[in-house]
Structure formats: C-alpha cells, structure tokens
Amino acid sequence: MRTLVDAALLAAIDAVAVEEKLLPREPSRALVEAIREVSDSYNALGRDPRARRPSPHSSAGRSARLQFFLPRDVGKSYEAARDLLARIPAGAKLRAVDVGAGLGASALGLALLLRDERPDVRLALTLIDDDVAALRVAAQLFRALFPEDGIALSTRADGVYAFEGRGEVDLVLASNVLCELERGVEPLLRADKIAALVHRWLRGLAPGGHVLLIEPALKATARALQSLRARMLAAGFHVVAPCTHEKGCPLLVDEGDWCHEDRAVALPSALIPIARAAGLHFEGLTFAYALLCREGLPQRSPRARVVAPPREAKGKRGLTLCHAGDDATVGSSTTYERLDRHRGASHEAWLGAERGSVLRFEPWPEAGRLDADVRIELEDPGE
Ligand SMILES: C[S@@+](CC[C@H](N)C(=O)[O-])C[C@H]1O[C@@H](n2cnc3c(N)ncnc32)[C@H](O)[C@@H]1O
C-alpha cells in the first residue's frame, strides 16, 4: 500500500492546529469523539435521504476534519485528478475553482499532484465555501505548504450556486459536496437541481476545460453520480474518466451495484492510532468520481477498466472489466479469467492490473476467458 501524505503536510496541519487553537493529532477522547461524530454525519448523507447537510462545524468538528479527514481526503483528488494530467498543455496556467472547498483537502490534493507530476503547470486556485472558518484554515495550509509565488490562491465566502464560470475557468472541482446539496428535497427534483448546477459549470468552462466531481463511495452517493453522468452525456457533454466508454453505466442496471474506487492507499502511520480508536479503516482509499468535459474526446482503441477487486483463484486470475461491449446503449461489465500458465508481457500486465487500472487488448477478447494470443497492455495512470 502506498501512502500519499508527506511529512510537510502533517507539519502544516500541526502549525495550523496551534494557530487556530484546535485539538492536536493524538487519539484523545475529545478528538476521537469528534471524528466519530463527523463520520456519522457524512455517512448519514448516503444512508438517509432526510439527513441534512452537516451544519458548520464546531471547533471540535473542525479539529476532526483537520487532523483526520483532511489528510485522508487529500488522496482522493490526488488520485482522481491523475486522469486530467495528460490533458493539460505543457507549461499551461490552470485556472481552477474548488467549489465547497472546506478546509482545502480537495484543492491540496490537486496542488500536490501537480507539484509532483506536472511542475510545469502554474496553478491559479479559487476556493469557494460558505464556511468562513474552514476557508481560513485552507488558506493557512496553502501558505504553509506552497511558496508565495508557487500558487495564486484566493478564497471566496459564498454559496456553491453563486459561482458561475464565464469561459475563464479551466477546472471546476467539487469534492464531497454534491451529496450535501438540496438535502430534504424530493429525490427527482433534487437530482434535477444538482444536474442543472453541474450543467452550468460545464457550460461556463474555458475551451478545453473540465469538471471533476468526487463523491463518497457509498451506494446512494455513487449511484447518484452515475445517474448525473448519464444526464450530462445526454446533454451533449463528455466523460473522460473513470469510464472507458460513453454508453450507459452497466453498474446502474442492477440496484445492488455501484461503481467506486478502492485504491491501495494507506493512511500515514501518524493517523493509524486515531483511526483505530475511532473504529475507522486506515487501509484503502474509497471514493467515486467523474471527470467531465465539453468537447468531444479523440477516437481511441477500445479500453476496459477494472471495476471490482481482482479474483485470485488456484491457477488463474479474474478481473471484472467495464467496457463498451456490444449493446447499443449500455456498456458491459464482464469478468475475464486468465490462466497462470501464460507467460510474457501480456501476462505481466494482467497480473499488474488492480481495481481502477485501464487495460487495452489486441484483438478484443470474445468473452470470459483470455487466450494466450490476446495482447494485453496496462495503461499508465493519466495516459
Ligand atoms: C465534506 S466538505 C468537502 C470539503 C472538500 N471539498 C473535500 O473534499 O474535503 C463539504 C463542504 O461543502 C460546503 N458546502 C456544502 N453546501 C454548500 C453550499 N450550499 N454553499 C457553499 N458551500 C457548501 C461545506 O461548508 C463543506 O465545507
């Protein structure tokens, strides 16, 4: 398992906790209780349609978000935004707006990914949230982590509906926010309102721009995101990732399915005692996401994404792959198996694929089993 959070981020969190008089990062009763409370309120959003958006957090709630949820959630946008990397021109300025930025976890994940993978890109970032105390923390974290001239940062205390792009924004990022909107509104109307908002974000992008939506991996929130994807496709927009096709999502067909990531990312060791004390898991990073854009995508050879944990069995390995399939309107989610006795580069690619990986085949396999002569390539993340 990888860890994504480095010592510099933890040091910045420590400094901000002191400045803001928030609880330190240790498994104290007060911090653990606050973490449980925040976790329960987030989970309720996916489980109970009547659950309301959490009210702006108390100082203890803000401590829980800063000390535990932020270092965990930074990894979500860090991972999801990889699919954007190859689509940003060399040396570009990326004008990004993080809507519902909170303490800045999603914006920090994006900024850290660009620092690590695309240092040629200059980031101009606007954070929007109606929680002023949260934005203050976010700005302090950015100041501590990035040199003055590294990132042009501004914050705006406002509601998510107040933001409207006018062709000057390259990326709208909304992470763990859609699930908080229009709570208590009748489900169909709620979906309409959220679709209208995302439609507006897409329409207001600069040419070549993107909207990156990240939601909790809960069944209700992930399925709502897939339904939103379908509506944006029907409205003429495009999906860059995670999908490898623009047909209907095959995991929406059965009410029991939902598409989400479970990346092999562990919490930094400093957070493990706190996660243990709060009864939360610390291995695996789960989230659902959709990277959308306005312009059509270049024609590519067929690809497939691994959408379930690999099935290891004696003498073979099975992967469940989402791909365009043969149906005219709905994609396909099919499990393929490959025997261990196969050797060579293709088999290495098969063994190296994990949930979330994208694979290419030549020729495209018929069904079920992959013969030795099918060439398999594992796409680099962000290719
Ligand atoms: C769960 S936090 C997510 C923060 C950050 N984007 C992340 O991924 O960690 C949701 C944030 O959305 C903000 N939010 C929710 N509804 C909002 C609204 N109508 N207007 C402005 N901000 C809103 C909340 O204040 C909160 O900071």
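The values are calculated or read from the model by the stated rules, or taken from the named source; none is laboratory data. All values derive from a computational prediction rather than experimental measurement. Glycine gets a Cβ as well: all are built from the backbone with ideal geometry, and neighbour counts include every protein chain shown.
Brief remarks follow.
- Cβ pairs under 8 Å, 6+ apart, first in segment 182-194 and under 14 Å from Ala220 (Cβ atoms), second among the polar types (S, T, N, Q) and not in a loop (DSSP other than H, G, I, E, B): Ala191/Ser227
- The criterion of being in the same structural domain as Arg62 (by TED's automatic domain parsing), at pLDDT 95 or above, aliphatic (A, V, I, L, M) and farther than 22 Å from Val177 by Cα holds for Ala92.
- Every residue from segment 74-132 that is more than 19 Å from Leu202 (Cα to Cα), surrounded by fewer than 21 Cβ atoms within 10 Å (Cβ to Cβ), among the acidic types (Asp, Glu) and more than 12 Å from the ligand (Cβ to nearest atom): Asp116, Glu117, Asp120
- Any hit, segment 170-181, residues being part of a helix (DSSP H, G or I), touching a strand residue (DSSP E or B) at 6+ places or on another chain (Cβ under 9 Å) and of a type outside the set (A, V, I, L, M): yes
- Search result, residues across segment 42-67 that are assigned to a helix (DSSP H, G or I), of a type outside the set (A, V, I, L, M) and more than 9 Å from the ligand (Cβ to nearest atom): Asn43, Gly46, Arg47, Ser59, Gly61, Arg62, Ser63, Gln67
- Total residues in segment 238-286, condition on the phi < 0 side of the Ramachandran plot and not in a helix (DSSP H, G or I): 34
- Considering segment 141-188, the residues that are out of contact with any helix residue (DSSP H, G or I) (no Cβ under 9 Å at 6 or more places or on another chain), over 20 Å from Val121 (Cβ atoms) and among the hydrophobic types (A, V, I, L, M, F, W, C) include one that is farthest from the ligand (Cβ to nearest atom), namely Leu188.
- Take the conditions (1) more than 18 Å from the chain's Cα centre (by Cα); (2) at pLDDT 95 or above; (3) closer than 26 Å to Arg72 by Cα; Leu213 misses just one of them, which is (1).
- Taking the numbered list (1) more than 21 Å from the chain's Cα centre (by Cα); (2) not in a strand (DSSP E or B) in turn, Gly318 passes all entries but (2).
- Subset of segment 68-96 (residues that are basic (Lys, Arg) and in a strand (DSSP E or B)): Lys93, Arg95
- Restricting attention to segment 326-355, the residues being closer than 15 Å to Val306 by Cβ and surrounded by 18 or more Cβ atoms within 10 Å (Cβ to Cβ) number 8.
- Just one residue in the set Leu31, Leu70, Leu23 is within 13 Å of the ligand (Cβ to nearest atom) and either in contact (Cβ under 8 Å) with a residue 12 or more places away in the chain or outside the structural domain of Val211 (by TED's automatic domain parsing) (or both); that residue is Leu70.
- Summed over segment 110-148, the residues that are closer than 18 Å to Ser77 by Cβ and in a helix (DSSP H, G or I) give a count of 16.
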